[in-house]
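See below for the structure under consideration.
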Amino acid sequence: MATYEELMEKDEQYFAKAGRISYYPLLIDHAKGATLVNFAGKEYIDLLASASAINVGHSPKKVTDAIKAQADKMVHYTPAYMYHEPAIKLAEKLCEITPGQFAKKATFGLTGSDACDGIMKYARAYTGRPNIVTFQNAYHGSTYGSISMSAINVKMRAKMGPFVPNIEHIPFPDNYRGMYGQAKPNSIEEYLAPFKQMMETYLPPEEIACVVIETLQGDGGLLEPVPGYFKALYDLCHKHGILFAVDDVQQGLGRTGTWCSTEHFDVEADLVAYGKSLAGGMPLSAIVGRKEIMDSLEAPAHVFTTAANPVCCAASLATLAMIEEDNLLQESTRKGKIAQERMKKWKDEYAFIGDVRGMGLSIGIDIVTDKKSKTKDSQAALKICNRLFERGAVLIAIGESVLRFQPPLVITDQELVKALDLIEETMNELAE
Ligand code: PMP
């Protein structure tokens, strides 16, 4: 068997560097529930849930049984030419759990990135309009379309232009720092101003196909939109015939305590993208949208040979069933409250915690140089992550300085308390 050193050396030699945002030298051997076990047998509490891709935890029996049973029956046949039951059942289920009192249809892909690409395709096809509006600091994926929709990090886009044209990025209505990191606007009108000004000065609303937004801007730093903005934007879009699309790849499927995170905002999105946790870690994504929008493209406009793989669809059906049977939506809300209550106390205690925010088990802790200036302290955030790793829990910082707390929804109460204790110890050390 290869040693840790040999494997890491081979990784350096063969694994292309653009595919990994290096954090910890953690070579995982196996994982169960909320526990990761490294090559030497050391355990870590996973507070990242594989970037929110395993909401139901690592390798739950209900999901692995479904995977094994379907693999024995049929590993794959492309949905481009034939039909199979897991994909049909899953399309029905996703249409049921996605908010909206209207007929819907679903389509499948392999990653959150292709789902975001698809949103652009469907929105342009249905409206006949060319322009797409997304937000600064958004991460929508790594395919050419979704990378063009993203605006989070120059490294992501460097050396890669030209991008998919006609995509505008407007400021996200950050409830903590305001737009552009300047003084916080006072009213929803002020937050809507960049969008309105854009429509008045250079992008006529009748030429905008859709707006794509996250309910919590995940990789941007788990930013919360200012209260009221989401609904106001939705109303404004509908007034102008602009589709309202939500990228729920990270915040969906229980992460925030609801099936679809739009349920917190009194809106019924025209199009929703799902991915990550959709199939308990197996590669699967979906777009669910109004029937008439989803009927606006003809095959092969959105065909992927290995999409809607039956093993992945079976894993997804078992994942969604597990979320229901084990009350994981309620558990996400309950455990999120336990975590936030404790974290809000830290915010009062430690000068370097500027903000604690989020919904369900999707929580961000914003580390700052001081509370007044709200200047991001990426060095301190990194230090906390590294020290916490030494103590046996895995967390990363996003949006430069925001600790991303997104454990599997199945984390036990004991594990949750232990993880919070470890973070507190680490914070105490930093405060000394
Ligand atoms: N949308 C959002 C909101 C995401 O967080 C991500 C992944 N970080 C994606 C899309 C892309 O998903 P994937 O990496 O599966 O392509």
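Table for the structure above
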| item | result |
| --- | --- |
| Asp219 vs. criteria under 28 Å from Glu96 (Cβ atoms) and of a type in the set (Asp, Glu) | no |
| Only listed residue being small (Gly, Ala, Ser) and without any contact (Cβ under 8 Å) to a residue 40 or more places away in the chain, chosen from Gly57, Gly19 | Gly19 |
| Some residue of region 399-416 being basic (Lys, Arg) and out of contact with any Asp or Glu (no Cβ under 9 Å at 6 or more places or on another chain) | no |
| Check on Tyr4, touching a Cys at 6+ places or on another chain (Cβ under 9 Å) and farther than 24 Å from Leu253 by Cβ | no |
| Scope region 194-243; condition away from the ligand (no atom under 16 Å from the Cβ) and not in a helix (DSSP H, G or I); matching residues | Tyr202, Leu203, Pro204, Ile208, Ala209, Val226, Pro227, Gly228, His240, Gly241, Ile242, Leu243 |
| So Ala151, is it among the small types (Gly, Ala, Ser), outside any strand (DSSP E or B) and touching a residue at least 12 places away in the same chain (Cβ under 8 Å) | yes |
| His84, sole failed condition from (1) buried (at least 17 other Cβ atoms within 10 Å of the Cβ); (2) within 16 Å of the ligand (Cβ to nearest atom) | (2) |
| Search result, residues across region 388-432 that are part of a loop (DSSP other than H, G, I, E, B) and either under 13 Å from Phe352 (Cβ atoms) or acidic (Asp, Glu) (or both) | Glu400, Ser401, Glu432 |
| Flag for Ile411 being modelled with pLDDT of 95 or more and in contact with a strand residue (DSSP E or B) (Cβ under 6 Å, 6 or more places away or on another chain) | no |
| Test for Thr215: is it under 22 Å from Lys239 (Cβ atoms), β-branched (Val, Ile, Thr) and within 22 Å of the chain's Cα centre (by Cα) | yes |
| Region 316-335, residues that are free of Cβ contacts under 8 Å to residues at least 12 places away in the same chain and polar (S, T, N, Q) | Asn327 |
| Options Ala87, Ala69, Ala115, Ala123: the member that is in the same structural domain as Ala232 (by TED's automatic domain parsing), in a helix (DSSP H, G or I), in contact with a Ser or Thr (Cβ under 7 Å, 6 or more places away or on another chain) and of a type in the set (A, V, I, L, M, F, W, C) | Ala115 |
| So Glu424, is it without any contact (Cβ under 8 Å) to a residue 12 or more places away in the chain, closer than 26 Å to Asn175 by Cβ, assigned by TED's automatic domain parsing to the domain that holds Ser50 and of a type in the set (Asp, Glu) | no |
| Residues (within 21 Å of Gly364 (Cα to Cα) and within 12 Å of the ligand (Cβ to nearest atom)) located in region 254-273 | Arg255, Ser261 |
| Residue count for region 318-349, restricted to those that are closer than 22 Å to Ala381 by Cβ and either modelled with pLDDT under 95 or out of contact with any strand residue (DSSP E or B) (no Cβ under 9 Å at 6 or more places or on another chain) (or both) | 5 |
| Some residue of region 193-214 being hydroxyl-bearing (Ser, Thr, Tyr) and crowded, with 19+ Cβ neighbours inside 10 Å | no |
| Options Pro162, Pro185; residue that is away from the ligand (no atom under 16 Å from the Cβ), at pLDDT 95 or above and assigned to a loop (DSSP other than H, G, I, E, B) | Pro162 |
| Strands (runs of 3 or more DSSP E) enclosed by region 284-387 - at least 1 residues per element that are more than 16 Å from the ligand (Cβ to nearest atom) and closer than 22 Å to Asn175 by Cβ | 353-359, 362-367 |
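Conditions tested, residue by residue: (1) in contact (Cβ under 8 Å) with a residue 40 or more places away in the chain; (2) of a type in the set (S, T, N, Q).
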{"residue": "Gly281", "(1), (2)": "yes, no"}
{"residue": "Met294", "(1), (2)": "yes, no"}
{"residue": "Thr306", "(1), (2)": "yes, yes"}
{"residue": "Ala314", "(1), (2)": "yes, no"}
{"residue": "Gln340", "(1), (2)": "no, yes"}
{"residue": "Lys345", "(1), (2)": "no, no"}
{"residue": "Asp355", "(1), (2)": "yes, no"}
{"residue": "Gly358", "(1), (2)": "yes, no"}
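The values are calculated or read from the model by the stated rules, or taken from the named source; none is laboratory data. In this text the structure is predicted, and so the values were computed from the model without any measurement. Virtual Cβ from ideal backbone geometry, glycine too; neighbours counted across all protein chains shown.
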